[in-house]
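Q: The structure under discussion is supplied below as structure tokens; questions concerning it will follow.
The values are calculated or read from the model by the stated rules, or taken from the named source; none is laboratory data. Predicted, not measured: the structure shown is a model, and the values here were computed from it. Neighbour counts run over all protein chains shown; Cβ positions are idealised from the backbone, glycine included.
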């Protein structure tokens, strides 16, 4: 089989699909996998580590507000359709899969015109414009939660949960003592993990920088600053990374408390690990994601201004931490990858 994945611009539309690709490569090693991405997104170097043929194409942002860039992007959008046609003719996939990204829109539209099967995955509570458009051309729409399904045709949707790169086997194989020794962490001091998203957050970073004396006195602080946003600081109990890849699972596993944005891929990974979390969401769809988890009593919610006081209160309240962990453990299905892979091959078999 030939399976074409598409996503980019941010890692939010990329990481769930990589979990699906991992499963396909393990269980269907003879199948060909292609990836179509943007020309200059943060995902490009990240994807280079994966064994699959990659294509780049022009991507136009679909803005719903006035901007002079809209006029430029009209021409980019037109060109993207020619790019999509060229890629689809060359790869001739049996199915096109996206988790919501502007780069995927022309591929899905052109693919449908070429009678290709299309599956899109809706991660966030709020449906983005790209998925709204692609939903009209999709054969199947998989959902993280039923709440977002009201925006789509009821005949197309199915609840699967959200794929995570971390599977139960990986998690169960982790040993705390071994990881502490591997990264030279102290055994008797808890770990605080700060995740500001792949692009980072200067506001969140500055709160951490200005509070290091207080934080490192109580915790070993692992701080993911975001790409190109690191500020070199040499301090005991402070570990700085501009981006976390293979270390992410280990650091999430070790952390006593995780401070994070509310990208749904990250929330999914944290739920698989049943972590105690403080969420500092960006405005927009992240607020809805965080609000859902907060309503389900699975996370603490705050803004950057109140982050330190929230960390302090949670540090002193073990029963609250235990409650968050319990609710986080049950908030999402844990077998999303298997369900979506079954849907993919079910759609492909309809062509045969």
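Q: Can you tell me which of (1) more than 28 Å from residue 175 (Cα to Cα); (2) not in a helix (DSSP H, G or I) is the one residue 274 doesn't meet?
A: Going through (1) more than 28 Å from residue 175 (Cα to Cα); (2) not in a helix (DSSP H, G or I) one by one, residue 274 breaks only (1).
Q: Restricting attention to segment 161-194, which residues are surrounded by 13 or more Cβ atoms within 10 Å (Cβ to Cβ) and either over 21 Å from the mean Cα position of the chain (by Cα) or at pLDDT 95 or above (or both)? Before you say what the answer is, go through the steps one by one.
A: Going residue by residue through segment 161-194, those that are surrounded by 13 or more Cβ atoms within 10 Å (Cβ to Cβ) are 161-167, 170-171, 174, 179-180, 183, 185, 189-194.
Matches in segment 161-194: 174, 179, 180, 183, 185, 189, 190, 191, 192, 193, 194.
Q: Could you check how many residues of segment 300-328 are in a loop (DSSP other than H, G, I, E, B) and surrounded by 14 or more Cβ atoms within 10 Å (Cβ to Cβ)? Steps first, answer last, please.
A: We begin by selecting, within segment 300-328, every residue in a loop (DSSP other than H, G, I, E, B); these are 302-303, 316-317.
Pick out the ones that are also surrounded by 14 or more Cβ atoms within 10 Å (Cβ to Cβ) and you get 302.
Within segment 300-328, residues that are in a loop (DSSP other than H, G, I, E, B) and surrounded by 14 or more Cβ atoms within 10 Å (Cβ to Cβ) number 1.
Q: Same structure, new question: Could you tell me whether any residue of segment 136-150 is assigned to a loop (DSSP other than H, G, I, E, B), closer than 25 Å to residue 287 by Cβ and not assigned by TED's automatic domain parsing to the domain that holds residue 252?
A: Looking only at segment 136-150, we keep the residues that are assigned to a loop (DSSP other than H, G, I, E, B), and these are 136-139, 144-145.
Imposing the further condition that a residue be closer than 25 Å to residue 287 by Cβ reduces the set to 144-145.
Subset that is not assigned by TED's automatic domain parsing to the domain that holds residue 252: 144-145.
Yes, segment 136-150 has at least one match.
Q: Of 97, 133, 157, which residue is modelled with pLDDT of 90 or more, buried (at least 23 other Cβ atoms within 10 Å of the Cβ) and within 23 Å of the chain's Cα centre (by Cα)?
A: Numbers: 133 fails: buried (at least 23 other Cβ atoms within 10 Å of the Cβ); 157 fails: buried (at least 23 other Cβ atoms within 10 Å of the Cβ).
Answer to the selection: 97.
Q: Could you list all residues from segment 184-196 that are touching a strand residue (DSSP E or B) at 6+ places or on another chain (Cβ under 8 Å) and either in a loop (DSSP other than H, G, I, E, B) or not assigned by TED's automatic domain parsing to the domain that holds residue 321 (or both)?
A: Narrowing segment 184-196 to residues touching a strand residue (DSSP E or B) at 6+ places or on another chain (Cβ under 8 Å): 185-186, 189-196.
Within segment 184-196, 185, 186, 189, 190, 196 meet the criteria.
Q: Within segment 329-344, how many residues are out of contact with any strand residue (DSSP E or B) (no Cβ under 7 Å at 6 or more places or on another chain), assigned to a helix (DSSP H, G or I) and crowded, with 18+ Cβ neighbours inside 10 Å? Even if it seems obvious, please write down each step before you answer.
A: Pass one, segment 329-344, residues out of contact with any strand residue (DSSP E or B) (no Cβ under 7 Å at 6 or more places or on another chain): 329-339, 341-342.
So of that shortlist, the ones also assigned to a helix (DSSP H, G or I) come out as 329-330, 336-339, 341-342.
Then keep just the ones that are crowded, with 18+ Cβ neighbours inside 10 Å; that gives 336-337, 341.
Summing the residues that are out of contact with any strand residue (DSSP E or B) (no Cβ under 7 Å at 6 or more places or on another chain), assigned to a helix (DSSP H, G or I) and crowded, with 18+ Cβ neighbours inside 10 Å in segment 329-344 gives 3.
Q: Kindly indicate which of 49, 30 is in the same structural domain as residue 342 (by TED's automatic domain parsing), farther than 24 Å from residue 264 by Cβ and not in a helix (DSSP H, G or I). Give the steps one after another, and end with the answer.
A: Numbers: 49 fails: farther than 24 Å from residue 264 by Cβ.
Result of the check over 49, 30: 30.
Q: A follow-up question, please. Check segment 33-44 and report whether any residue there is at pLDDT 90 or above, surrounded by fewer than 14 Cβ atoms within 10 Å (Cβ to Cβ) and in contact with a helix residue (DSSP H, G or I) (Cβ under 8 Å, 6 or more places away or on another chain).
A: Going through segment 33-44, the residues at pLDDT 90 or above turn out to be 33-36.
If we keep only those that are surrounded by fewer than 14 Cβ atoms within 10 Å (Cβ to Cβ) as well, we get none.
Within segment 33-44, not a single residue is at pLDDT 90 or above, surrounded by fewer than 14 Cβ atoms within 10 Å (Cβ to Cβ) and in contact with a helix residue (DSSP H, G or I) (Cβ under 8 Å, 6 or more places away or on another chain).
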